[in-house]
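Working notes, beginning with the structure itself.
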Amino acid sequence: MRDRQMRDRKTVLVTGGAGFLGSHLCDRLIGDGHDVLCLDNFFTGSKRNIEHLIGHRRFELIRHDVTFPLYVEVDEIFNLACPASPVHYQHDPVQTTKTSVHGAINMLGLAKRLGARIFQSSTSEVYGDPFMHPQTEDYWGNVNPIGPRSCYDEGKRCAETLFFDYHRQHGLEIKVARIFNTYGPRMHPNDGRVVSNFIVQALKGLPITIYGDGNQTRAFCFVDDMIEGFVRLMDSPREITGPINLGNPGEFSMNELALLVIDLIGSRSKIAYLPLPADDPKQRRPDITRAKTLLAWEPETMLRDGLQATIAYFDALLSSDDDVDERETRKSGWAAAAAH
Ligand code: NAD
Ligand code: UDP
Ligand code: UDP
């Protein structure tokens, strides 16, 4: 795409830019004509996700941990740095809280110094195991403060608090998105989340691991729809701060998801029921009225279509150099946990 006129062209920092969502966001921003500073410590992200951007004249990669201060000059910040899969964020829970909290403080301090607009990738996990269904943004949630998921849930809640305090106290322009389960190409094959697990298992003919009785529900949003939501929220008028739910309201049980994946792949995999992890939410579905009204946004991709695109990605990945990912995964030490 042609470069933007100078006045539209921004320099945008994407923390967690080598991750699943971050790498798609970098693609989108480069496509829109911006200069992108991609920051990552490669805890769960991979150079593979952004290797096609290396060498692009408007793309720059920085290896850095957001828990340390950062001095760069940018116009906008998307703060995505944080492991998202339960297997990853529970691997080093103290680091997870530090990433959410110290990371938010550093990125907010940077935004304050620069007068830059800043976006926070918050999560539906702030609702915990919700009593309200579907979840609207004014629901305060039901979160265990001391359980195995707390490092992530409470870290993200504290980050939201910091965003709103910097907004009230220092007049920062903030954009807080509460992201519901998102899937698509570039999820890590061993990342332990349900969509990648089921697809990889079905492609390999391994048992499909359903935790609990499989009646718990989630609402799955395809990555392209989510990135469109990010950009619309970032570009929205100053008074729109969020929090805003971004997700696909289509709700499915894990049993339904498993059968759909088996059907789409034509796999002979059988289902294996395993114990349910602690504090696993029983149901989750976004109310996206606010996003529809304020951003004119709603997801367009049906689960079946998004799954097909994701299956094609994993099929190509597994038949090419699967061993590279296996090596990367073993090195980082969470492979055994991901295999449950
Ligand atoms: P991901 O694990 O693929 O990406 C996270 C990225 O952050 C990785 O590249 C990782 O290396 C990097 N990172 C982690 N700690 C860091 C640190 N201290 N300093 C610098 N970089 C660090 O996960 P994702 O699915 O792309 O999630 C991106 C963001 O969206 C996360 O903040 C996550 O909490 C949020 N989110 C995602 C989902 C989802 O379903 N994918 C749902 C809710 C919220
Ligand atoms: N910070 C940063 N980059 C900057 C400005 C600040 O990383 O360009 C970090 C720095 O570590 C600081 C934190 O952001 O401690 C919070 O900044 P703020 O100005 O809110 O508070 P300070 O601690 O500087 O009083
Ligand atoms: N899950 C499952 N089998 C798997 C991985 C996950 O049944 O191999 C379940 C998990 O217990 C949860 C749901 O799928 O109920 C979504 O899990 P995921 O880790 O993808 O996201 P989150 O729990 O954060 O919504």
Relative contact order as a percentage, the chain, C-alpha pairs under 8 Å and 6+ apart, gives 16 percent
Of Ser267, Ser236, Ser320, the most mobile residue in a GNM of the chain (C-alpha springs, cutoff 10 Å) is Ser320
Mean Cβ-within-10 Å packing, highest first, puts peptides 206-213, 172-179, 18-25, 286-293 in the order 18-25, 172-179, 286-293, 206-213
Of the candidates Leu61, Phe42, Ile105, the farthest towards the positive dipole end of segment 1-141 (Lys/Arg Cβ +1, Asp/Glu Cβ -1, centred on the Cα centre) is Leu61
The FRET efficiency for Phe68 and Thr289, from their Cβ-Cβ distance with R0 = 51 Å and rounded to 0.05, is 0.85
Once the mean of 1/r over all distinct C-alpha pairs in the chain is inverted, the Kirkwood radius in Å reads 20.3 Å
With the dipole of segment 66-218 defined by +1 on each Lys or Arg Cβ and -1 on each Asp or Glu Cβ, the option from Val200, Tyr166, Gly128 whose Cα lies farthest towards the positive pole is Val200
Stokes-Einstein, Kirkwood over Cα pairs, segment 66-217, 37 °C, 0.692 mPa s; D in µm²/s equals 194 µm²/s
Filtered hits (aspartates and glutamates, Cα-Cα < 20 Å from Lys204, offset >= 8 within chain) -> Asp191, Glu256, Asp263, Asp315, Asp321, Asp322, Asp323, Asp325, Glu326, Glu328
The extension gain from Asp213 to Lys112, computed as 0.36 nm times the residue separation minus the Cα-Cα distance, is 31.6 nm
Extension length gain for Arg238 and Arg168 (0.36 nm per residue less Cα distance), in nm, is 23.9 nm
With all protein chains present, segment 90-244 has a carbon and sulfur share of its accessible area (1.4 Å probe) in percent of 53 percent
Per the C-alpha gyration tensor (a ≥ b ≥ c, the square roots of its eigenvalues), segment 76-149 is rounded if a/c is under 1.5, else prolate if a/b beats b/c, else oblate; here it's oblate
Result for the chain: accessible area per residue, probe 1.4 angstrom, in square angstrom, of 44 Å²
One finds the C-alpha centres of segment 64-123 and segment 195-239 to be spaced, in Å, by 22 Å
Where a ≥ b ≥ c are root eigenvalues of the Cα gyration tensor, a/c under 1.5 meaning rounded, otherwise prolate if a/b exceeds b/c and oblate otherwise, segment 1-158 counts as prolate
Summing -39500 (n - 2.57) over every DSSP H run of at least 4 residues in the chain and dividing by its residue count gives a helix-only mean residue ellipticity at 222 nm, to the nearest 500 deg cm²/dmol, of -13000 deg cm²/dmol
For the chain, the dipole about the Cα centre with charges only on Cβ (Lys and Arg +1, Asp and Glu -1), to the nearest 20 debye, works out at 420 debye
A chain fully extended from Asp138 to Leu259 at 0.36 nm per residue, minus the present Cα-Cα distance, gains in nm 40.1 nm
Per the C-alpha gyration tensor (a ≥ b ≥ c, the square roots of its eigenvalues), segment 1-72 is rounded if a/c is under 1.5, else prolate if a/b beats b/c, else oblate; here it's oblate
Distance in nm between Asp32 and Ala309 label points, each 7 Å along Cα→Cβ, equals 1.7 nm
Protection proxy (average C-beta count within 10 Å per residue), highest first, orders 125-131, 77-83 as 77-83, 125-131
Quick calc: nm separation of the 7 Å Cα→Cβ label points for Glu298 and Ile146 -> 4.4 nm
Once the in-chain neighbours fewer than 8 apart are removed, the lysines whose Cα is under 29 Å from Lys175 read Lys10, Lys47, Lys98, Lys112, Lys156, Lys282, Lys292
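The values are calculated or read from the model by the stated rules, or taken from the named source; none is laboratory data. It should be emphasised that the depicted structure is a prediction, and the values quoted were computed from it without experimental measurement. Methodologically, a virtual Cβ is constructed for each residue, glycine included, from the backbone with ideal geometry; neighbour enumeration extends over all protein chains shown. For the accessible areas, the whole protein counts, side chains as well, though only heavy atoms, and no ligand, DNA or RNA atoms are used. Shrake-Rupley method; radii C 1.70, N 1.55, O 1.52, S 1.80 Å.
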